[in-house]
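The next block holds one structure in the form of structure tokens; read it before the comments.
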Amino acid sequence: HSQGVLDGRYVISTMHYGSRVASLTTVSTPHLGTPIADAALGLVPGVTAEVIDAILGFLYGSLAHSPGDAHIRASLQQFTRDNMRRNFNPSNPNDLRVKYYSVAGRSAARVAAAECAGGLWTNSTRIDFLDPILVLPATVFSLTSPNPLSPTPNDGLVSVESSRWGTFLGCYPADHLDEIGQLLHLLPDAIS
């Protein structure tokens, strides 16, 4: 799930463990980076210092009080869209011995039929409501989408597009926290 799968790709490719791995299935992994990291580093026009601080608070808890901290900046830099495109992906190509699969989460009451098309699974019409703790980070997708009124389909932290890698299985109606067990929910999402 998420950044943990990038570690898996690194182990397979850079550390040359592909002979020991049959397949890798990724769930909402920012293979193409995430605008959330861009925004937290001040790289998205229109994102204020207060929003940056709130995003850092969500991502790093009490560490967010030092937004200039080199470790926090380095961690965020890894997940920028530019770094994934220019550095990580070229340095960690798929190993031909390993089968790669991916699943994307989609939330904010969006079905995302077009973006989820082409997966092996049928895209469910069930909707997921974004957990309130993810609302602020998810607003960055509105600021970085071609149409701010229709933000890029995402799970609150990672877009459907960025989640696609290898054989795309499909989208699942879940936000980034639901994907690992409905964290922080008081009630289950409604099923439509």
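The values are calculated or read from the model by the stated rules, or taken from the named source; none is laboratory data. Just so it is clear, the model here is predicted, and its values are computed rather than measured. Quick reminder, even Gly has a Cβ in these numbers, built from the backbone with ideal geometry, and neighbours come from all protein chains shown. Accessible surface is based on the protein model in full, side chains and every heavy atom, while ligands, DNA and RNA are left aside. Shrake-Rupley method; radii C 1.70, N 1.55, O 1.52, S 1.80 Å.
Restricting the search to segment 13-42, which residues are surrounded by fewer than 17 Cβ atoms within 10 Å (Cβ to Cβ) and modelled with pLDDT under 90?
42
Being out of contact with any Phe, Trp or Tyr (no Cβ under 8 Å at 6 or more places or on another chain), open to solvent by 40 Å² or more (accessible area, probe 1.4 Å) and in a loop (DSSP other than H, G, I, E, B) is the filter; apply it to segment 97-120 and report the residue that is nearest to residue 17 (Cα to Cα).
Here the answer is 97.
Could you list, ordered by first residue, the pairs with Cβ atoms under 7 Å in which the first is in segment 41-55 and at positive phi and the second is open to solvent by 50 Å² or more (accessible area, probe 1.4 Å) and not in a helix (DSSP H, G or I), at least 6 apart or interchain?
none
If you check residue 130 against the conditions, is it among the aliphatic types (A, V, I, L, M), open to solvent by 80 Å² or more (accessible area, probe 1.4 Å) and either at pLDDT below 85 or assigned to a loop (DSSP other than H, G, I, E, B) (or both)? Don't jump to the end; show me each part of the working.
Numbers: among the aliphatic types (A, V, I, L, M): yes; open to solvent by 80 Å² or more (accessible area, probe 1.4 Å): no; either at pLDDT below 85 or assigned to a loop (DSSP other than H, G, I, E, B) (or both): yes.
In short, no.
Looking only at segment 135-182, how many residues end up being out of contact with any Leu (no Cβ under 7 Å at 6 or more places or on another chain) and among the acidic types (Asp, Glu)?
3
Please pick out the residue among 111, 160 that is in contact with a strand residue (DSSP E or B) (Cβ under 7 Å, 6 or more places away or on another chain), at pLDDT 90 or above and β-branched (Val, Ile, Thr). Spell out how you get there, then give the answer.
Details: 111 fails: in contact with a strand residue (DSSP E or B) (Cβ under 7 Å, 6 or more places away or on another chain).
Answer to the selection: 160.
Among the numbered conditions (1) buried (at least 20 other Cβ atoms within 10 Å of the Cβ); (2) more than 19 Å from residue 34 (Cα to Cα); (3) aliphatic (A, V, I, L, M), tell me where residue 76 comes up short.
Of the numbered conditions (1) buried (at least 20 other Cβ atoms within 10 Å of the Cβ); (2) more than 19 Å from residue 34 (Cα to Cα); (3) aliphatic (A, V, I, L, M), the odd one out for residue 76 is (2).
Any idea which of 110, 85 is within 18 Å of residue 172 (Cα to Cα) and among the basic types (Lys, Arg)? If you could, list the steps in order and put the result at the bottom.
Values: 85 fails: within 18 Å of residue 172 (Cα to Cα).
Criteria check complete, one pass: 110.
What are the pairs with Cβ atoms under 6 angstrom where one residue, in segment 138-164, is assigned to a loop (DSSP other than H, G, I, E, B) and the other, located anywhere, is open to solvent by 30 Å² or more (accessible area, probe 1.4 Å)? Sequence gap at least six, or different chains.
That search, which allows pairs on different chains as well, returns 145/151; 145/152; 148/142; 151/142; 153/110; 153/115; 156/130.
Of (1) in a loop (DSSP other than H, G, I, E, B); (2) at pLDDT below 85, residue 94 satisfies all except one. Which?
Failing condition for residue 94: (2).
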